[in-house]
Amino acid sequence: MIIKRILIVDDDMEYMNELEEFLILQNFEIVKKNNTFKILMFTIKIKPDLIILDLKINGMTGIDVTRLLKRCQATKDIPVIVMSNYHNSDSNNHEVIESGVEIYLKKTIRPELLIEEIRKIERN
């Protein structure tokens, strides 16, 4: 799998813009959405190769969004990386992974490590 188009869903515009700048330098095409309103139809329309999703976002939680995407035939195979500052409890971590997320990372991760995780998804 080759990842070219990445959908970033986050209500922190500053963080999302910084992430976009870095990923563009890595030759990814970036589409951004700052809420979960009509996220399923939006995702079907833009056909991303990967979704980077905030856990705590306006509208649905990242867990709920992932569950929704994984139940839909058109989006179920799109890998999801959840990035959050709320990477605390074991029960929360378990719930995120159980939702269908491929990778769960802290937002404070170094950008180079995020690229490594994206490359891992490409190899699988």
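No lab work stands behind these numbers, since they all come straight from the coordinates. Every value quoted in this text rests on a predicted model; they were computed, and no experiment measured them. Cβ placement follows ideal geometry from the backbone for every residue including glycine, while neighbour counts extend to all protein chains displayed.
Per-residue ellipticity at 222 nm from helix content only, as computed over the chain with -39500 (n - 2.57) for each DSSP H run of at least four residues, stands at -13000 deg cm²/dmol. The distance between label points at ILE3 and ASN35 comes to 2.7 nm (points 7 Å beyond Cα on the Cα→Cβ vector). Put simply, when 27-37, 103-113 are sorted by average Cβ atoms within 10 angstrom per residue, most first, you get 27-37, 103-113. Both numbers refer to the Cα atoms of the chain; Rg and Dmax are 13.1, 36 Å. For region 5-115, the number of Lys pairs with C-alpha atoms closer than 20 Å, counting only pairs eight or more positions apart or on separate chains, is 25. Summarising the label geometry, the points placed 7 Å from Cα in the beta-carbon direction at CYS72 and ILE121 lie 1.6 nm from one another.
Packing, taken as the mean count of other beta carbons within 10 Å per residue, orders the peptides 42-50, 13-21 from highest to lowest as 42-50, 13-21.
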